[in-house]
1. Identify, by number, the condition in (1) part of a loop (DSSP other than H, G, I, E, B); (2) more than 14 Å from the chain's Cα centre (by Cα) that PRO94 doesn't meet.
2. Between a first residue in the range 6-26 that is closer than 18 Å to LEU72 by Cα and a second residue that is of a type in the set (Phe, Trp, Tyr), which pairs have beta carbons less than 9 Å apart while being 6 or more apart in sequence or on different chains?
3. What single numbered condition from (1) under 15 Å from VAL73 (Cα atoms); (2) surrounded by fewer than 21 Cβ atoms within 10 Å (Cβ to Cβ); (3) in contact with a Pro (Cβ under 8 Å, 6 or more places away or on another chain); (4) modelled with pLDDT of 95 or more fails to hold for ALA89?
4. Give VAL48, VAL71, VAL87 a once-over and let me know the one that is touching a residue at least 40 places away in the same chain (Cβ under 8 Å) and assigned to a helix (DSSP H, G or I).
5. Return the pairs, sorted by first residue and then second, in which the second residue is part of a strand (DSSP E or B) and modelled with pLDDT of 95 or more, the first residue lies in the range 108-126 and is closer than 26 Å to THR82 by Cβ and hydrophobic (A, V, I, L, M, F, W, C), the beta carbons are less than 8 Å apart, and the residues are 6+ apart or on different chains.
6. Among the residues of the range 125-139 satisfying the criterion of being in a loop (DSSP other than H, G, I, E, B) and in contact with a Phe, Trp or Tyr (Cβ under 9 Å, 6 or more places away or on another chain), which is nearest to LEU183 (Cα to Cα)?
7. For the range 156-170, indicate whether the set of residues that are surrounded by fewer than 23 Cβ atoms within 10 Å (Cβ to Cβ), within 14 Å of the chain's Cα centre (by Cα) and not in a loop (DSSP other than H, G, I, E, B) is non-empty.
Amino acid sequence: MSDATVVLVPGLRGHVADHWQTRLAATLPSVRTVPPLGRDEPSLLARVTLLDRIVEDVDGPVVIVAHSAGVLVTVHWAATYTGTAVVGALLATPPAFATALPPEYPSIRDLRDRGWLPVPRRSLPFPSILATSTDDPLGNPVRVRAMADAWGSREHSLGPVGHLNPASGFGEWPEAVELIGRLRGGAVESDVDESRFCRVLEPARA
């Protein structure tokens, strides 16, 4: 699977030149990026539709690399995905939506109205690595660990890396290449417990 195309799924941000996903796109031989719509367009459906179109358009195997709310886009999309092209997903620092987000983000109520909540709690139909931070201001560790468990993801702790974005000091994330290589090479298997199917992750009230 060394020839797998990497599909990058950004979060709620717009284009950020020094974000690790942007830099990663410039270094990989085969990569597609879901267009970043920004925080002023919080539609989940628009992002899921774009991801679906890109995956369908790729000729060959796919590895998804999602960050922040892009992880939740991927999980919502995967809930109805029936194809076989995706061989793995690297999911980095998803928000937990456990408390109100900073003022520059949409409110929890708005996200719920736009379909983001509840978050699917169903095992993903492909292997995945959930890269977590021990001090992410948007990711409650208990809830994020529950996400990994519910999705059948292998949790990979990055330590204190904040939200793994430029504001946290991460324009580069070299380890992403290694983790993508593990997924491409089939070295990651899903950790699935079928008793968890069909549950959902509910947010705390904002």
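1. With respect to (1) part of a loop (DSSP other than H, G, I, E, B); (2) more than 14 Å from the chain's Cα centre (by Cα), PRO94 is out only on (2).
2. What qualifies is VAL9/TRP77; LEU12/TYR105; GLN21/TRP173.
3. (2)
4. Sole residue among the options that is touching a residue at least 40 places away in the same chain (Cβ under 8 Å) and assigned to a helix (DSSP H, G or I): VAL71.
5. So the pair list comes out as LEU124/ALA89; PHE126/VAL86; PHE126/VAL87; PHE126/GLY88; PHE126/ALA89.
6. Among residues in the range 125-139 that are in a loop (DSSP other than H, G, I, E, B) and in contact with a Phe, Trp or Tyr (Cβ under 9 Å, 6 or more places away or on another chain), the one nearest to LEU183 (Cα to Cα) is PHE126.
7. yes
Matching residues to (1) closer than 24 Å to ARG13 by Cβ; (2) touching a Cys at 6+ places or on another chain (Cβ under 8 Å); (3) modelled with pLDDT of 95 or more:
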site	(1), (2), (3)
GLU104	yes, no, no
PRO118	yes, no, no
ASP149	no, no, yes
VAL161	yes, no, yes
ALA187	no, no, no
VAL192	no, no, no
ARG196	no, no, no
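The values are calculated or read from the model by the stated rules, or taken from the named source; none is laboratory data. None of these values were measured; they are calculated from a predicted model. We place every Cβ from the backbone using ideal geometry, glycine too, and count neighbours over all the protein chains shown.
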